[in-house]
Amino acid sequence: MISFRVMALGVLCTTLGLGAARADIAAGIAALEQGDAEAAAQQFQTSFENGEADGAFYLGRMFELGLGTQPDITQAAELYKAAAARESALAMNRLGLMYLDGQGVIRDFTVGAELICKAAEKGEANAQFNCGAAHDEGRGVAQDTALAISYWEKASEQGHIAATNFLGLSYKTGDGVAADPARAYALFSRTAEQGNPMGLYELALAYDSGQGPADGVDPVKAYTYANIAAARAHPEAPALRDRIEAGLTTEQVTEGQAAAREWIAATEALISGASGN
């Protein structure tokens, strides 16, 4: 393991502009992708010293995950505190989660929720999702399902998959919002298109019940999506797939399996194209 030097957190010496600092962060991420933890750490430290708060966040993540060094959750927390003090939304969110869990810091729901929701107000999508969850559970803040949904809406607009699924469940069940199966179906369709197991499973349920899809009940589509969700390790999907299959004709089973096979092939082709392979 590499033992890299850690910045003196009390010294804030800004000598370069933020453009250079952000370039250092980009270089640090590139170095990590190439497996050069030492260079990455140096880039992140330099970016922080040059005025970019997120530099300490990324360095903290290296300590938390043990990238190039021994995992050190206490050192990670200190780096997150330094970054959060300089308004890093990424650090506020991660540090807030640590306070909620009591990981590397004392467990403190109030402080944790405050940090997360402050990051959410800065527009950080993960924080918007987490702030919504805090309000939904009443952990560190007053329980307020309507406010939770508003945060999930903001995160979903940024493409946050978990927030989109949570919104889908809210519209499906009518929890905190008027029940709207069609809206739930549309939300789950968005995450299913990205291969998300929960979205795929919920589409299977929607076609099995007919609640949401414009064309109503469609056992072959329900089987197709349940089959894909099971392949993607959704814990409840295998039982749903098997139950639906038991009620299908041989021709319908063949049709559903062919549709699942085509879906998988199309998805793999998209991934391959995006990666340039």
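Coordinate-derived values only; no laboratory data. Please read these numbers as outputs of a predicted model, since none were measured by experiment. We place every Cβ from the backbone using ideal geometry, glycine too, and count neighbours over all the protein chains shown.
Per-residue ellipticity at 222 nm, computed for the chain from helices alone with -39500 (n - 2.57) per DSSP H run of at least four residues, works out to -22500 deg cm²/dmol.
Pairwise inverse Cα distances across the chain, averaged and inverted, put the Kirkwood hydrodynamic radius at 21.1 Å. Angle of helix 237-246 to the longest C-alpha principal axis of the chain, folded into 0 to 90 degrees and rounded to 10: 10°. For the peptides 176-182, 57-63, residues were scored by their other Cβ atoms within 10 Å and the scores averaged per peptide; the highest-first order is 57-63, 176-182. Compared with the dominant principal axis of the Cα atoms in the chain, helix 219-231 is inclined by about 30°.
Distance between the C-alpha centres of the stretch 152-202 and the stretch 62-101: 30 Å, rounded to the whole angstrom. Highest mean first, the peptides 112-125, 241-254 sorted by other C-beta atoms within 10 Å per residue fall in the order 112-125, 241-254.
From the cross-link list 81/118; 81/122; 122/172, which pairs have alpha carbons spaced over 22 Å apart? If you can, show how the numbers build up before the last one.
Values: 81/118 14 Å; 81/122 17 Å; 122/172 29 Å.
Violating the 22 Å Cα-Cα cut-off are 122/172.
The angle separating the long axis of helix 18-33 from the principal Cα axis of greatest extent in the chain is about 60 degrees. With the convex hull drawn over the C-alpha atoms of the stretch 174-245, the volume per residue is 82 Å³.
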